[in-house]
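Reading through the structure tokens given below for one structure.
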Amino acid sequence: MRATALFRVVFILICLALIPLFALGREPCHVGKSGGLASQAAKDFYGDDCDASHNTGKLAVRIWDARGFGSINYFQLPDCATGGTPFYWGAEYPKRSGICYLDAVSVAVGGILHNDTLASQFYEWRSLPPEGYWEFRSILDPSAPEYEGAVSQQDFITKSTDTVTVGLPNLIDYPGPHRPLFLELTRRSYSWSYGYAEDFVLFDLSIKNIGSARISDAYVAFHAWPDVGFKGGTGVTYADDLGGFVKTVPSPYGCGFVDTLNIMWWADNDGDPVDGVFTDRKVVSPEGDVIKSCPDVTGIYIIHPPVAAGRKEWGKATLSYNWWYST
């Protein structure tokens, strides 16, 4: 039987500026882990003491420092703003549903420095000292200190650099130690609970060259690991996910017009219907697994390509999409 339902598209919006985007378990996404694994293990791998969560709207997203967002809270890091524990998984929609739509998205930057092609990826970035750089702002309470300069109901501002060259985890077969591009990432992220803005989180990413040499032919990548499914069940959720890139769609105005979208998206392959119908209730399948449908689609949309410092016009950016199948 064919599954029927209205699919919602949940967006993670990203602005870029250049200055010279596999959780397994059975707990609902919003349930945090207690305990004390954080400390040294987290510092060794991430270089962080805390992270945070955008949870004011329907889309809840776990964030860490400027190099990425999502990711399982394996090291049980406390919330930088409240001191509590953020929810465990990468992203959840609707909030407190137990339905996750993301493992993680990380930022990588590559370019040519001193005639050599270099790249910095997620575990080669480190938060600024002494214990990471975090700012929290909010428009909710005009009398609160965090009200000044706030844009949304939840503003998080954090910075990272790629200049650390020792103590990094050896995760890939890389010829030699990390060689930095000498970059500083500043990420500002915003979320709202209003009906017209509750289905997206906005990320504003600035990339600054803090070195003494020019970087040419630079590329910025958002590396996404989807993981879509209900985490209150017993089955594997990531193995049947699909993803793609929508470049254009027919314009609703007709006349053969085409609208440019350039959206990277991911979703479950069929939304996990029950007897051909999507359900928001937990149902036990004939195989004994606990199921709740996950019919929505998550996407990353780049609002505008990189803009050079001191300029108002858009930069000349080349946009590409690549995918791979992980075994």
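Please treat every number below as a calculation from the coordinates, not as lab data. A quick note: this is a predicted structure, and the numbers were derived from the prediction, not measured. Here the Cβ is made from the backbone with ideal geometry for all residues, glycine too, and neighbour counts use every protein chain on show.
Computed quantities for the displayed model
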read-out: Computed label-point distance, nm, for sites Val284 and Val151 using a 7 Å Cα→Cβ extension; value: 4.8
read-out: Per-residue Cβ neighbour rank within 10 angstrom, fewest leading, Leu118, Leu181, Leu140; value: Leu140, Leu118, Leu181
read-out: Estimated distance in nm for a label pair at Asp116 and Val277, the labels positioned 7 Å out from Cα along Cα-to-Cβ; value: 6.3
read-out: Taking His54, His114, His178, His223 and counting other C-beta atoms within 10 Å, the order from fewest to most; value: His114, His223, His178, His54
read-out: Under the Karplus curve 6.51 cos²θ - 1.76 cosθ + 1.60, θ = phi - 60°, whole-Hz ³J(HN,Hα) for segment 239-247, x wherever Gly or Pro sits; value: 5, 10, 6, 10, x, x, 9, 9, 7
read-out: Residue order, fewest to most beta carbons within 10 Å, for Arg96, Arg188; value: Arg96, Arg188
read-out: Listed pairs Lys159/Lys282; Lys58/Lys159; Lys95/Lys208; Lys159/Lys292; Lys58/Lys208 exceeding 30 Å between Cα atoms; value: Lys159/Lys282; Lys95/Lys208; Lys159/Lys292; Lys58/Lys208
read-out: Segment 112-122 - phi-based ³J(HN,Hα) in whole Hz, Karplus 6.51/-1.76/1.60, Gly and Pro as x; value: 9, 10, 6, 6, 10, 7, 10, 8, 10, 10, 4
read-out: Among 247-254, 151-158, 267-274, the order from most to least packed when residues are scored by Cβ within 10 Å on average; value: 151-158, 267-274, 247-254
